[in-house]
Amino acid sequence: ILENPNMNKKTRDEFLYNIRQEVNNIQTLVQNLLKLSKFDANVIEFKKEKMKVKDLINSSLNKLEIIRELKNVSIHVDCDEKTYMNGDFIWEVEAISNILKNSIEYSNKDSDIDIKVEDNPFYIKIIVKDYGKGIKEKDLKNIFKRFYKGENSVSGSVGIGLNLSKKIVEKDNGFIMVSSTEEGTTFEIKYMKS
């Protein structure tokens, strides 16, 4: 752009759009690396606060509205308004939004994602099911590893979002499981109550 001041507006706008996307990607990467380094240094103190699970899901979805709209993915949430859990709301929004972002990115265009919340005396379970291309079996055991990128990884993926989600969920007395077929992927996040 600097070398060609007479560039036509359409081409200039395309370059500016691409530059902005790359700056956003770099900014997100740096922020996530800083968050991971805080976990590694064990300097993060989680708040233990009562939170409405539906608010947690809605806040996570709000962060992803643009990429959801770009792929025209419909998200269906089945969660009782009276379901509460204890944890750090801000960090859990980070964890859930990373998982949902992964589900949206791997979903087919014009498809659906189902989110279901189950509550029992022992745990709260959040199930996120997409109907995308799925994760290869050889990649399933590695997807929570830092910097791991599976065979079907989307371009621009660095491989730290799911690793960060796992660390956050485990810090809030939970764990994540994943299963996948060619018809889609299911993440199950369980938060133990005791």
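Report the one residue of Leu36, Ser179, Tyr123 whose Cα lies farthest in the direction of the positive end of the charge dipole of the chain (charges on C-beta: Lys and Arg +1, Asp and Glu -1; origin at the Cα centre).
The listed residue farthest towards the positive side: Leu36.
Working out 0.36 nm times the residue gap between Leu34 and Met177, then minus their Cα-Cα distance, what length gain in nm do you get to one decimal?
49.0 nm
Name the residue from Ile99, Asn6, Ser74 whose Cα lies farthest towards the positive end of the charge dipole of the range 1-102, charges +1 on Cβ of Lys and Arg and -1 on Cβ of Asp and Glu.
Checking the options against the dipole of the range 1-102, the answer is Asn6.
FRET efficiency for Phe15 and Asp110, Cβ-Cβ distance as r, R0 = 30 Å, nearest 0.05?
So, using R0 = 30 Å, E works out to roughly 0.50.
Determine the alpha carbon to alpha carbon distance for each of Lys9/Lys136; Lys116/Lys141; Lys82/Lys138; Lys133/Lys167; Lys50/Lys133; Lys10/Lys109 and list only those over 32 Å.
In this structure, Lys9/Lys136; Lys82/Lys138; Lys50/Lys133 lie more than 32 Å apart at Cα.
Using a 1.4 Å probe over the heavy atoms of the protein chains, calculate the carbon and sulfur portion of the accessible area of the chain as a whole percent.
Result for the chain: 51 percent of the exposed heavy-atom area is carbon or sulfur.
With bins 5 Å wide starting at 0, give me the P(r) of the range 48-194 over every alpha carbon pair, in whole percents.
2, 10, 20, 25, 21, 14, 7, 2, 0
Using all alpha carbons of the range 1-112, what is the percent of pairwise distances in each 10 Å bin, ordered from the shortest bin to the longest?
The calculated distribution, bin by bin, is 12, 30, 30, 18, 8, 3.
Using the crude model of +1 on Lys and Arg Cβ and -1 on Asp and Glu Cβ, and no other charge, please compute the dipole size for the range 31-74 relative to its Cα centre, in debye to 20.
So the magnitude is around 140 debye.
If I take every Cα pair under 8 Å that is 6 or more residues apart in the chain, average their sequence separation and divide by the length, what percent do I get for the relative contact order?
Once divided by the residue count of the chain, the mean separation gives 20 percent.
For the range 61-100, evaluate the Debye formula with one uniform point scatterer on each Cα (no solvent term) and list log10 I(q)/I(0) at q = 0.32 Å⁻¹, rounded to two decimals.
Here log10 of I(q) over I(0) equals -1.13.
Which is the longest run of the chain containing none of the trypsin sites (Lys or Arg not before Pro) found in DSSP loop states (not H, G, I, E, B) with at most 11 other C-beta atoms within 10 Å?
142-194
What does the charge count around Lys52 come to, taking other residues whose C-beta lies under 13 Å from its C-beta (Lys +1, Arg +1, Asp -1, Glu -1)?
Summing Lys and Arg as +1 and Asp and Glu as -1 gives -3.
For the chain, what is the accessible area per residue in Å², given a 1.4 Å probe and the full set of protein chains?
That works out to 60 Å² per residue.
The values are calculated or read from the model by the stated rules, or taken from the named source; none is laboratory data. Computed from a predicted model, the values in this text were never measured in an experiment. So basically every Cβ, Gly included, is an ideal-geometry build from the backbone, and we count neighbours across all protein chains shown. SASA here: full protein model, heavy atoms, side chains in, ligands and nucleic acids out. Shrake-Rupley method; radii C 1.70, N 1.55, O 1.52, S 1.80 Å.
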